[in-house]
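S.K.: Structure provided below as structure tokens; questions to follow.
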Amino acid sequence: MVGSTLIVPLELGDLPRLRLKWGSRYSLQEVAQLVREAPGLSLWAPSTGEYVLAAPWRHRGEIVQVQELSSGTLTYHLVDALAETARARGKELLVMTQQYERRPPVFYEKTGFELLEEILVYEMVLYTIPPAPSRLRFERVTMEDPFTLGELLDLDHEAFDWLWWNTLEEFDEYMSDPRVDVYLGRERDGTPVSYVGVTRFRGWGHLDRLAVAPAFQGKGYGYESLVWAVRVLAARGAHRIGLSTQASNGRSRQLYERFGFRRVPDLDYQIWGRWLTEPLDDWSSRA
């Protein structure tokens, strides 16, 4: 409660009275789905109609993401109430991204957030198709192969920082999209080395994920994996390819830029986080 104003969980029965903000990327039907899938996380103030929509970040049980936040007199209070709700449920981190909603740095500072990542966006027009990789053998991964899925998850967690770990549920939702292809790259003896995930659209494609196991990094396997992803998208009609990576990941930036990808600064965005438990000194190594 803020003064005499009550902030409470948003429930399905409240939706007829909910007034989504101008420009909301949600419909009431989508809000209903969000409330069903993450009950008790989204909050609102019935007296003013202000709200915050929230859900697990990338299907991670320990991280909550602010999906949408209305602007008004209770904006800061709604964020604080969500943080307390998430903390009471044992969550570790609350995140906000600027991908859909951009706010000034002072907003994040006042609400206890710190900058976690700067995401850089790249694009490339595909003029020529590179030769096929020679050392790695790529196989398409499906949810029906639990052994290969286990290898994929192990490689994912070895290669990525804690914030970017994918879960089985995340892969399930991701690969349920018929436009998506995920491939695991193996050495000749079958050892998993890398994986790529791509999404194809009409006339263009997106490189969603590229990971190389730490033991194989710095040996050119990232380049071979990128070549495979580009060839897959080209074979499906892509003439332009987009991707994003962390500003702090110098190795991946160098790989993409040498390959011919160019920055699209207008599409860059930031990820901010508010820790709900005591963070490690280096959260990126958190296990």
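The values are calculated or read from the model by the stated rules, or taken from the named source; none is laboratory data. Because the structure is predicted, anything quoted here is derived from the model rather than measured. Here Cβ is always computed from backbone atoms with ideal geometry, including for glycine, and neighbour counts include all displayed protein chains. Just so you know, the surface numbers come from the protein's heavy atoms only, side chains and all, with ligands and any DNA or RNA stripped out. Shrake-Rupley method; radii C 1.70, N 1.55, O 1.52, S 1.80 Å.
S.K.: Over region 63-149, one equal point on each Cα, no solvent: what is log10 I(q)/I(0) by the Debye formula at q = 0.25 Å⁻¹?
M.R.: Debye intensities relative to I(0), on a log10 scale: -1.35.
S.K.: Leaving ligands, DNA and RNA out of it, work out the accessible area of W204 with a 1.4 Å probe and give it in Å² to the nearest 10.
M.R.: That residue has around 70 Å² of solvent-accessible surface.
S.K.: Oh, and also: Quick check: convex hull over the Cα atoms of region 30-70, volume per residue in Å³, rounded to an integer? Don't skip to the answer; put the middle values down first.
M.R.: Numbers: hull volume 2.8 nm³, N = 41.
Roughly 69 Å³ of hull volume per residue.
S.K.: In whole percent, how big is the carbon plus sulfur part of the accessible area of the chain, probe 1.4 Å, protein atoms only? All intermediate terms of the calculation are to be shown ahead of the outcome.
M.R.: Details: 7290 of 14380 Å².
Carbon and sulfur: 51 percent of the exposed surface of the chain.
S.K.: Let me make sure I get this right: for region 180-270, a, b and c are the square roots of the gyration tensor eigenvalues over alpha carbons, sorted descending. Under 1.5 in a/c it's rounded, otherwise prolate if a/b > b/c, else oblate. Which is it? Intermediate results must be reported in sequence, preceding the final value.
M.R.: Values: a/c = 2.06, a/b = 1.22, b/c = 1.69.
It is oblate, given that a/c is not under 1.5 and a/b is not larger than b/c.
S.K.: Could you tell me what a quarter of the Cα convex hull surface of region 170-228 works out to, in nm² with one decimal place?
M.R.: Values: hull surface 18.8 nm².
Mean projected area of the Cα convex hull: 4.7 nm².
S.K.: A further question on this structure: Can you list which of the DSSP-assigned H helices in the chain have a Cα extent of 27 Å or more along the long axis and an average Kyte-Doolittle score of at least 0.5?
M.R.: Working: long enough: none.
None pass (Cα extent of 27 Å or more, hydropathy at least 0.5).
S.K.: Under a plain spin-label model, where a point goes 7 Å from the Cα along Cα-to-Cβ, how far apart in nm are D266 and A32?
M.R.: Output for this residue pair reads 3.7 nm.
S.K.: Enumerate the lysines that K91 could reach by cross-link, defined here as Cα to Cα under 25 Å, with residues fewer than 8 away along the same chain left out.
M.R.: Partners found: K110.
S.K.: If you put +1 on each Lys and Arg Cβ and -1 on each Asp and Glu Cβ, how big is the dipole of the chain around its Cα centre, in Debye rounded to 20?
M.R.: It comes to approximately 1020 debye.
S.K.: If you don't mind, there's one more thing I want to ask. Taking the dipole about the Cα centre of the chain, with the C-beta of Lys and Arg at +1 and of Asp and Glu at -1, give me whichever of F160, N249, P214 is farthest to the positive side.
M.R.: N249
S.K.: Rounded to the nearest 0.05, what FRET efficiency do T277 and T128 have when you use their Cβ-Cβ distance and R0 = 45 Å? List each step's numbers first, then the result.
M.R.: Numbers: r = 50 Å, r/R0 = 1.10.
Approximately 0.35, to the nearest 0.05.
S.K.: Run the quick spin-label model on F201 and V106: label points 7 Å from Cα toward the beta carbon, then report their separation in nm to one decimal.
M.R.: With each label point 7 Å from Cα toward Cβ, the separation is 3.5 nm.
S.K.: What's the extension gain from S176 to D154 if we count 0.36 nm per residue and subtract their Cα-Cα distance?
M.R.: Values: separation 22, 0.36 × 22 = 7.92 nm, distance 2.03 nm.
Here the segment from S176 to D154 would lengthen by 5.9 nm.
S.K.: Now for a separate question. In nm, give the distance between the simple-model label positions of A247 and T48, each being 7 Å from the Cα along the Cα-to-Cβ direction.
M.R.: For A247 paired with T48, the spin-label model returns 3.1 nm.
S.K.: Of V121, T75, F138, which is farthest along the charge dipole of region 38-144 in the positive direction, counting Lys and Arg as +1 and Asp and Glu as -1 at C-beta?
M.R.: Positive-most Cα among the choices belongs to F138.
S.K.: Next question, about the same structure. Treating each Cα of the chain as an identical point scatterer and ignoring solvent, apply the Debye formula and state log10 I(q)/I(0) at q = 0.07, 0.10, 0.12, 0.14 Å⁻¹.
M.R.: So the normalised log intensities are -0.30, -0.61, -0.85, -1.10.
S.K.: What does the charge dipole of region 92-245 about its Cα centre add up to, to the nearest 20 debye, if the Cβ of each Lys and Arg holds +1 and the Cβ of each Asp and Glu holds -1? Numbers along the way, then the final one.
M.R.: Working: 16 positive and 25 negative charges, 202 e Å.
Charge dipole of region 92-245: 980 debye, to the nearest 20.
S.K.: Per residue, how much accessible surface does the chain expose to a 1.4 Å probe? Answer in Å², no decimals. Could the numbers behind the result be given before it?
M.R.: On the way: 14380 Å² over 287 residues.
Using a 1.4 Å probe on heavy atoms only, each residue of the chain averages 50 Å².
S.K.: So how exposed is H59, as accessible area in Å² (1.4 Å probe, rounded to 10)?
M.R.: The value for H59 is about 70 Å².
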